[in-house]
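Only one structure is covered here, and it is reproduced in the block below.
The values are calculated or read from the model by the stated rules, or taken from the named source; none is laboratory data. For clarity, every value in this text was computed on a predicted model and none was experimentally measured. Here Cβ is always computed from backbone atoms with ideal geometry, including for glycine, and neighbour counts include all displayed protein chains.
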Ligand SMILES: C[S@@+](CC[C@H](N)C(=O)[O-])C[C@H]1O[C@@H](n2cnc3c(N)ncnc32)[C@H](O)[C@@H]1O
């Protein structure tokens, strides 16, 4: 386990040069990863899913600091490889990474979710991780509707933290509990 005060630049140095270049824009800062994982791991036996886990930064920081199990699902295989390198580096046993599309992941085994604007890369060129990604509003809608549908079937008390999201994936049954980072981070709980 490392000190919670680790800076983003020290953490990002653990990644390959290619990942270091995109980390500031596309991956969670240490501060926000800690805030989100504290809220999601409050429940005893918490199982947390990062929807679009990138190079694993949120899951690695969360699992290093909180007593909960973290799973990251990520569609890009190279990013899952980077995530597993850090899992090994810190010798973590409470985190797993799955190389899959979110459409293939049922939500029912989790108690909490983290969502950092993962589907916007289908709408805006500046949100793409690589220039090869084709813009597609059809994909954006299908991923967003899938997440919304899965969240709506979850029991009361289910938690989700969103970062830079406009909330399209949040069902009306989820109530906003608080915000952080000038409103960019939102903490939600299902209550009916
Ligand atoms: C903005 S990054 C966030 C990474 C990570 N959650 C973090 O906070 O450090 C979003 C990630 O979601 C992934 N992603 C986008 N759509 C996805 C989908 N349908 N299924 C799985 N992963 C997806 C992208 O490949 C990208 O790595």
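Looking at the stretch 155-164 only, could you name the residues that are touching a strand residue (DSSP E or B) at 6+ places or on another chain (Cβ under 6 Å) and farther than 11 Å from residue 113 by Cα? Steps first, please.
Taking the stretch 155-164 first, the residues touching a strand residue (DSSP E or B) at 6+ places or on another chain (Cβ under 6 Å) are 156, 158-163.
Listed by number, the residues that qualify are 156, 163.
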Open item on the list: Please determine whether any residue of the stretch 22-30 is over 15 Å from the mean Cα position of the chain (by Cα) and either surrounded by 15 or more Cβ atoms within 10 Å (Cβ to Cβ) or within 10 Å of the ligand (Cβ to nearest atom) (or both).
Closed with: yes
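Would you mind finding the one in 163, 107, 116, 97 that is within 21 Å of residue 44 (Cα to Cα) and modelled with pLDDT of 95 or more?
Numbers: 163 fails: within 21 Å of residue 44 (Cα to Cα); 116 fails: within 21 Å of residue 44 (Cα to Cα); 97 fails: within 21 Å of residue 44 (Cα to Cα).
Sole residue among the options that is within 21 Å of residue 44 (Cα to Cα) and modelled with pLDDT of 95 or more: 107.
Could you identify the single residue in 103, 79 that is within 23 Å of residue 22 (Cα to Cα), assigned to a helix (DSSP H, G or I) and within 9 Å of the ligand (Cβ to nearest atom)? Steps first, please.
Values: 103 fails: within 23 Å of residue 22 (Cα to Cα).
Answer to the check: 79.
Matching residues to (1) part of a strand (DSSP E or B); (2) under 29 Å from residue 19 (Cβ atoms); (3) more than 15 Å from the chain's Cα centre (by Cα):
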| position | (1), (2), (3) |
| --- | --- |
| 83 | no, yes, no |
| 86 | no, yes, yes |
| 97 | yes, yes, no |
| 118 | no, yes, no |
| 146 | no, yes, yes |
| 156 | no, no, yes |
| 165 | no, yes, no |
| 187 | yes, yes, no |
- [ ] Can you run down the residue pairs with Cβ atoms below 6 Å, 6 or more apart or on separate chains, where the first is in the stretch 45-60 and more than 9 Å from the ligand (Cβ to nearest atom) and the partner is part of a strand (DSSP E or B) and modelled with pLDDT of 95 or more?
- [x] 46/112; 47/69; 48/70; 48/112; 49/71; 49/113
- [ ] Go through the stretch 127-156 residue by residue and tally those that are within 20 Å of residue 185 (Cα to Cα) and within 12 Å of the ligand (Cβ to nearest atom).
- [x] 3
